Amino acid sequence: MKALKSLGFLGGNNAAETPPEDGRVVELFRSRAELRKQHEELGAEMQRLRDRNKQQEAATGRVQEMLESLEKRLESADTGLSTLVFYHLRALWGDGREIIGMLVQDLAAKQEERERKAWALEGNRKQFQVRQAAEQQLRQAESLMVAARQQVVAFDAKLVKLDKWWHRWQRPKVAAQRPALQAAMDAAETNLLTARGRCEQLEKVGAGEFPGISVEARRAINLAAIACAEVLCLRLARTTLVASARAAMARREAAEYYGDLAACVSIMSDIVKARNLLKQRAGITQEVAQRTERLRSTAAYLGEFETVPVPESCCVSEGDVMTHGSQGVTAAKLPNVVAEDTWDLFKVLLK
């Protein structure tokens, strides 16, 4: 028997017990798996950072090459002035975009303020009606609660008086009516709590979140922006600076040759005058309003919620051709500012 016990054939409880070393081994393998997972995540993160570092180094290298190329062009007598003309043209284009952007921001801010006030007033009006109905329901629930409680109190007082020996047959019949009264009082209390919760919820909700400027308003603002872009082009219609500025914006580096010293100085002088002309505020409001009315009569949209008109619906009208045909052959043709994205119009239009 002792030999059998020593071989493990007896004493099954000792054989079923798990040695403490097995638990430590399981915990060790679990910790190893977690460490391996963390190591893989850190390796992936490190690789991602390496890739980003390489991309940043490549971008920095390209910028450095552009700066070196710019320095070489500026230090050269043949290309220095043309480079200055190139950046003057880009500045002219930026002025036009800034003027239109400021107009859009100003109109959008005013329209948002108006619509936000109207939204708040309408929300308050609807909220007042809903709150008034909820308060009326609350008062009715309070009245029902008071009435139900008074009935229970009066019934209990009546039941207390039935304490004589001759009431021993009448008292059970009367007491049987109390559960119905108690249920009515409980229902009235539940209705009261629901009405109070509805009033508290209405106080928290308020008028709601403003959904933003309406589609009609965004369309009107965009038409004003398009009209402003046309007005700016009309101010420079006697020159070809708009086309030259567009060509300069299409290139990343100054590679165009604009002529000798006299020609470059003349172009830069014209650009300075053009920039001052674009920034003049006199009469621009009336001109934009007139052209906005024309655009409103011709503008078409692809969808119900589209805010940018179809470019073909914003083409030059006959009045523009007649007006600028008398300026001579040097006058530039008024472009379709939407189709050609003049002054980077799509960057400032409201979507």
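The values are calculated or read from the model by the stated rules, or taken from the named source; none is laboratory data. This one's a predicted model, so the numbers in the text were calculated from it and none came from an experiment. Backbone-built Cβ (ideal geometry, glycine too); neighbour counts: all protein chains shown. To get the accessible areas, we keep the full protein, side chains included, count just its heavy atoms, and leave off ligands, DNA and RNA. Shrake-Rupley method; radii C 1.70, N 1.55, O 1.52, S 1.80 Å.
Tell me, rounded to the nearest percent, the portion of alpha carbon pairs in segment 207-282 spaced more than 22 Å apart. The answer is 46 percent, as a whole percent.
Each eigenvalue of the Cα gyration tensor of segment 163-270, multiplied by 5 and square-rooted, gives one semi-axis; in descending order these are 92, 14, 9 Å.
Across segment 32-113, the volume of the C-alpha convex hull divided among the residues equals 131 Å³ per residue.
Taking every C-alpha pair closer than 8 Å and separated by at least 6 residues, the mean separation divided by the residue count of the chain gives a relative contact order of 26 percent. Can you list the lysines whose alpha carbon sits under 16 Å from that of residue 72, skipping same-chain ones fewer than 8 residues off? Filter leaves no residues. Our Cα-only numbers for segment 98-248 put the radius of gyration and Dmax at 34.5, 118 Å.
Peptide packing for 338-346, 302-310 was compared via the average number of neighbouring C-beta atoms within 10 Å per residue; ordered from the highest value, the list is 338-346, 302-310. Pairs of Lys residues in segment 110-221, spaced 8 or more positions apart or belonging to different chains, with C-alpha separations under 16 angstrom: 5 in total. Computed with a 1.4 Å probe over protein heavy atoms only, the accessible surface of the chain comes to 68 Å² per residue. Protection proxy ranking of 111-124, 216-229, by the mean of other Cβ atoms within 10 Å over each peptide's residues and highest first, is 216-229, 111-124.
Report the net charge of residues surrounding residue 283, where surrounding means a beta-carbon distance below 15 angstrom and charges are Lys +1, Arg +1, Asp -1, Glu -1.
On the way: positive: 235, 279, 281, 291; negative: 230, 287.
Net of charged neighbours comes to +2.
Could you tell me what percent of the accessible area of the chain is made up of carbon and sulfur, with a 1.4 Å probe and every protein chain present? On the chain, the fraction of accessible area on carbon and sulfur atoms equals 57 percent. Of all complete DSSP H helices in the chain, those with a Cα span along the helix axis of 27 Å or greater and a mean Kyte-Doolittle hydropathy of 0.5 or more are 215-235. Taking Lys and Arg as +1 and Asp and Glu as -1, the other residues whose beta-carbon sits under 13 Å from that of residue 175 total +4.
When the helices of the chain are scored as -39500 (n - 2.57) per DSSP H run of n ≥ 4 and the total is divided over every residue, the value at 222 nm lands at -25500 deg cm²/dmol.
Quantify how much of the Cα-Cα distance distribution of the chain extends past 27 Å, in percent.
Roughly 73 percent, rounded to a whole number.
For a quick check of your reading of the filter: which trypsin sites (Lys or Arg not before Pro) in segment 242-283 sit in a DSSP loop and have no more than 10 other Cβ atoms within 10 Å? Passing both the DSSP loop test and the Cβ count: 252, 281.
A simple packing score, the average count of other Cβ atoms within 10 Å per residue, orders the peptides 38-44, 178-184 as 178-184, 38-44, with the highest score first.
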